[in-house]
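The values are calculated or read from the model by the stated rules, or taken from the named source; none is laboratory data. Bear in mind that the values here come from a model prediction, so they are computed numbers and not experimental data. Cβ: placed from backbone, ideal geometry, glycine included. Neighbour counts: every protein chain shown. For the accessible areas, the whole protein counts, side chains as well, though only heavy atoms, and no ligand, DNA or RNA atoms are used. Shrake-Rupley method; radii C 1.70, N 1.55, O 1.52, S 1.80 Å.
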Amino acid sequence: MPKTKPKPRKTPSSSPQQTSFHHPGSLLSVNDLALEDIGHVLKLASVLETEDPLKRMKRLFKRRVSLLFYESSTRTRTSFELAAKQLGADTVLVSALSSSIEKGESLKDTGITLRALGAECIILRHPNSGAPYVLSRATGLPILNAGDGMHEHPSQALLDLRTILQHVRGAKAAGPVSETTLKGVTVTICGDIFHSRVARSNMLLLPRLGARVVLCGPSALLPETAADAGPGITIERNFDQALQQSQVVMMLRIQAERLAGLNLDLDEYKLRYQANAERIAAHASKALIMHPGPIIRGLEMTSEVADGPQSAIAEQVRNGVAIRMALLVRALTAKGKTSR
Ligand code: CP
């Protein structure tokens, strides 16, 4: 895994990981959440999803939420914005290319400015690992990490968890979770693990609920050290063998924007790691197929698989709104003061 990212903190899986100078409503890493908190978020997501829209609008009526995006996004930005609006909050979007960030304004000053303008919560996407921690210290506001560099994408991992639970637990998907909730479930994550914050958050989250995580990809995108990220994680370079063990298959895009000169033979990559109809039919005909998006059709996954009956990709997107509503309610109703 990349050397620049913050190291995962080793603490018991059921303990909250929030450090004292961050607002208790922040979500900077999946490790901020104890298992009990994860259960609450899942339950709240289900409550909010089916709640009467007028009642739901009162939850965060006229609360002010800022979306601060230094990188492009379709799913995360839109679903956070829809989530905030469905809760009655006012939203404002600041993106790097159309703001004073272009003139050189720092993340700290941007955050302080948004706070002065009334922001009560900031949702941040940033290319640098650890940026949400900087913003949290600078503003004292609840910060929701919408993806930071190669570090984490915690709301994505939570929506992925909800999607998996809906398939393995059905109606009980919204219930509490424990260290054995995903016992017997093997999740293969295949592709550009090295650059993926989605992979990292899922690698930190899923084993805490008892899942086995198998990582698959070429060594250029999956160094041997990736298995050291935590317990319950192994590496299998042969995709067909990984598929044969898996109830869930999470495919990842090759992050061209982070490859920095790395030359990959894409024909060779497709031969070995592409999720195509023949391979899935032969080795994982019952597995749930997931992808955080955006998909590069014809590279890591063919259209037949992306649009096929095993695909949960649209469900993942839909679950993003429910999970992000729950995270916003948590962020803006958390008790306790920030101490810095
Ligand atoms: N999954 C995800 O983060 O997608 P976006 O980059 O479109 O937000």
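Here are a few things to note about the model shown:
- Computed lengthening from ASP267 to PHE21, 0.36 nm per intervening residue step minus Cα-Cα distance: 83.8 nm
- When the alpha carbon gyration tensor of segment 30-148 is reduced to an equivalent ellipsoid, its three semi-axes come out at 25, 17, 13 angstrom, largest first.
- Dipole magnitude (debye, nearest 20) for segment 154-317, charges at Cβ of Lys, Arg, Asp, Glu: 580 debye
- Rel. contact order, % - alpha carbon contacts under 8 angstrom, at least six apart, segment 164-277: 29 percent
- Cα coordinate range in segment 60-118, projected on the principal axes (Å, largest first): 34, 26, 14
- GLU51, GLU179, reordered so the largest accessible area comes first (probe 1.4 Å): GLU179, GLU51
- Farthest toward positive dipole pole in the chain [+1 Lys/Arg, -1 Asp/Glu at C-beta], among LEU60, LEU42, ASN145: LEU60
- Relative contact order of segment 164-224, defined on C-alpha pairs under 8 angstrom at six or more residues apart (%): 39 percent
- Computed with every protein chain present, the accessible area of ASP32 is close to 10 Å² [probe 1.4 Å].
- Here is what passes the span test in the chain: the DSSP H helices with alpha carbon length of 15 Å or more along the helix axis and a Kyte-Doolittle mean of -0.5 or above are 35-50, 154-168, 313-333.
- According to the Cα-based calculation, Rg over Rh for segment 233-299 is 0.97, with Rh computed by the Kirkwood formula.
- Quotient of C-alpha Rg and 2.2 N^0.38 Å, computed over segment 277-340: 1.68
- Compactness of segment 154-317 was expressed as the Cα radius of gyration divided by 2.2 N^0.38 Å, which yields 0.96.
- Surface composition of the chain: carbon and sulfur make up 54 percent of the accessible area, probe 1.4 Å.
- Whole-number D in µm² s⁻¹ for the chain, Kirkwood Cα-pair radius fed into Stokes-Einstein, 20 °C, 1.002 mPa s: 106 µm²/s
- For segment 46-174, the solvent-accessible area with a 1.4 angstrom probe is 42 square angstrom per residue.
- Structure-based [θ]222 nm, the chain - -39500 (n - 2.57) summed over DSSP H runs of at least 4, per residue, nearest 500: -10500 deg cm²/dmol
- Long-range tail of P(r) for segment 132-209 (Cα pairs > 17 Å, %): 52 percent
- Protein-only accessible surface order, largest first, of THR181, THR78, THR163 at 1.4 Å: THR78, THR181, THR163
- Placing a label point 7 Å from the Cα of ALA277 along the Cα-to-Cβ direction, the residues of segment 293-308 with a backbone N closer than 12 Å are 302-308.
- Treating r as the C-beta distance of LYS286 and VAL47 and R0 as 22 Å, the FRET efficiency rounds to 0.10.
- Computed accessible area, HIS40, all protein chains, 1.4 angstrom probe, square angstrom: 110 Å²
- Accessible solvent surface per residue of segment 186-289, calculated while the other protein chains remain in place, 1.4 angstrom probe, Å²: 38 Å²
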